[in-house]
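Engineer: Here's a structure for you.
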Amino acid sequence: MLPPFAKVEDLADWLAVPIDESSADYKRAKGALRMASALVRSETGKQWVDDDNKLVDPLPEQLELVTLQAAGRGYMNPLSQTSDNESIDDYITGGRYLVEESGIYLTGSERSMLVSLSGRAFGGIGTISRTRGESAPLGMTDDGYYERILPPYY
């Protein structure tokens with residue numbers, strides 16, 4: 001089993017909630033950190049451990065920050081609820097919040113933070129121009145059709 005990128009104490013500080021070491025919440029926090037660390041490893045394509053299965057030193061800061069953020073979401077909202085509303089007659093309290101998917105996940109901005117650590121120079125779909133300079137503009141002819149207006153040297 002690979003070590004997580006953050007400790008339960010770090011998660012408790014991040015969330016500003018006490019997590020007692022003898023509680024079930026401590027085990028749940030450890031599980032959330034392991035899952036978030038596995039997602040980060042998957043996103044970067046690297047294990048970030050040495051031959052003795054210890055975290056490399058120094059560890060890039062992004063790994064811990066993204067792990068804490070993803071684990072924090074999973075820890076604070078383990079059921080992936082999308083709203084927290086209570087109503088009395090016509091009065092409603094609470095609100096709605098976005099949950100991208102169930103369980104622990106990485107957001108787009110978290111993935112962006114990890115791109116530089118992945119070693120991938122190019123990711124995603126892109127286009128490569130096959131022409132140099134500007135193309136000939138379109139102009140309307142007398143009969144209402146568009147055609148390329150080409151300079152005399154074309």
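The values are calculated or read from the model by the stated rules, or taken from the named source; none is laboratory data. Remember, it's a predicted structure, so these values are computed and weren't measured experimentally. Cβ sites come from the backbone with ideal geometry, for glycine too, and all protein chains shown count toward neighbours.
Engineer: For segment 24-60, give me each residue that is without any contact (Cβ under 8 Å) to a residue 24 or more places away in the chain and under 15 Å from the mean Cα position of the chain (by Cα).
Structural biologist: 42
Engineer: Return the pair list, or none, for Cβ contacts closer than 8 Å from residues in segment 1-18 that are within 17 Å of residue 37 (Cβ to Cβ) and at pLDDT 95 or above to residues that are of a type in the set (D, E, K, R) and not in a helix (DSSP H, G or I), at least 6 apart or on different chains.
Structural biologist: 3/54; 8/21
Engineer: Let me ask you something else. Based on this model, can you work out whether residue 55 counts as touching a Pro at 6+ places or on another chain (Cβ under 6 Å), of a type outside the set (Asp, Glu) and either at negative phi or at pLDDT below 95 (or both)?
Structural biologist: Considered against the rule, which asks whether it is touching a Pro at 6+ places or on another chain (Cβ under 6 Å), of a type outside the set (Asp, Glu) and either at negative phi or at pLDDT below 95 (or both), residue 55 comes out as yes.
Engineer: Could you check, for segment 31-42, whether at least one of its residues is assigned to a loop (DSSP other than H, G, I, E, B) and modelled with pLDDT of 95 or more?
Structural biologist: For segment 31-42, residues assigned to a loop (DSSP other than H, G, I, E, B) and modelled with pLDDT of 95 or more: absent.
Engineer: Continuing with the same structure: Quick one: in segment 95-105, which of the residues that are at pLDDT 65 or above and not aromatic (Phe, Trp, Tyr) is farthest from residue 32 (Cα to Cα)?
Structural biologist: Per the stated criteria, the residue is 101.
Engineer: I've got another one for you. Which of (1) under 16 Å from residue 107 (Cα atoms); (2) in a loop (DSSP other than H, G, I, E, B); (3) touching an Asp or Glu at 6+ places or on another chain (Cβ under 6 Å) does residue 66 not meet, given it meets every other one?
Structural biologist: (2)
Engineer: Out of the residues in segment 1-17 meeting the condition of being in a loop (DSSP other than H, G, I, E, B) and touching an Asp or Glu at 6+ places or on another chain (Cβ under 9 Å), tell me which one is farthest from residue 72 (Cα to Cα).
Structural biologist: Here the residue is 5.
Engineer: So, one more: Which residue is surrounded by the fewest Cβ atoms within 10 Å (Cβ to Cβ), if the candidates are limited to segment 34-58 and must be within 12 Å of residue 1 (Cα to Cα) and among the small types (Gly, Ala, Ser)?
Structural biologist: 38
Engineer: Inspect segment 106-115 for any residue being modelled with pLDDT under 75, in a loop (DSSP other than H, G, I, E, B) and out of contact with any Gly (no Cβ under 6 Å at 6 or more places or on another chain) and give the result as yes or no.
Structural biologist: no
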